[in-house]
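What follows is calculated from the coordinates using simple rules that are stated; it is not laboratory data. Values in this document were obtained by computation on a predicted structure and should not be read as measured data. FYI the Cβ positions are ideal-geometry reconstructions off the backbone, even for glycines, and counts take in every protein chain you see.
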Amino acid sequence: MIQEYNKGPEYSIDIMISKDGTIKAAIPRVRMSINSGVSMTGKTEHNIEVINYVEKVLSNLGLYYCGNVQIILTAEHGPRLIEINPRFSGGLSLVIKSGAGTPLMSIKECIGEKVNRVESFNEKAIVRTFEETYINHEDLFMAS
């Protein structure tokens, strides 16, 4: 794959689209630091330019239920598409903590319940850490 280099903050936008193609949620997350493809620090952000761009990209694709769209927000050209993923994102927990329960919205849509559009959400941040645990060597290899 060949792709142009885009400089700017990377966003992952968690989405939920109803069966009729109506976008019910588009929640941008800034991927502030990344380690091996995993966002270690990030934040949800009300960014209308990003939301409008993603909605335009998705308007004719025929996708529905949950997924995520990744973009770079360039200073020169605005949002630039990186990829579209038809799956939950690794940062979904932050979206849920921000007040947009897209997995539950999808379940409700599947069983025919009314799903309202997420018009607002709380701006939250996440910091992921690795925790080290020390044990005696022989405890690691003990048979159960």
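List of remarks:
- Partners for LYS114 among lysines (Cα-Cα distance below 22 Å; same-chain residues under 8 apart left out): LYS19, LYS24, LYS97
- The GluC sites (Glu not before Pro) of the range 17-107 that DSSP puts in a loop, and whose beta carbon has at most 10 other beta carbons within 10 Å, are GLU76.
- Fewest-first ordering of LYS114, LYS56, LYS97, LYS24 by other beta carbons within 10 Å of each residue's beta carbon gives LYS114, LYS56, LYS97, LYS24.
- From helices alone, the chain scores -5500 deg cm²/dmol at 222 nm; the rule is -39500 (n - 2.57) for each run of n ≥ 4 DSSP H residues, then divide by the residue total.
- Put simply, the amide H of MET40, placed in the peptide plane, has neighbours under 5 Å in SER33, ILE34, ASN35, leaving out anything fewer than 5 places away on its chain.
- Rg/Rh for the range 103-144 stands at 1.40; both radii use Cα atoms, and Rh follows the Kirkwood definition.
- A Förster distance of 30 Å, applied to the separation of the beta-carbon atoms of ILE48 and PHE130, puts the FRET efficiency at 0.30.
- Read-out P(r) over Cα pairs in 10 Å bins from 0, in percent, derived from the coordinates shown; its label in [x] 11, 32, 27, 18, 9, 2, 0; [y] 13, 47, 35, 5, 0; [z] 11, 38, 28, 12, 8, 4, 0: [z]
- When you filter the chymotrypsin sites (Phe, Trp or Tyr not before Pro) in the range 110-144 for DSSP loop state and at most 15 other Cβ atoms inside 10 Å of their Cβ, you are left with PHE130, TYR134, PHE141.
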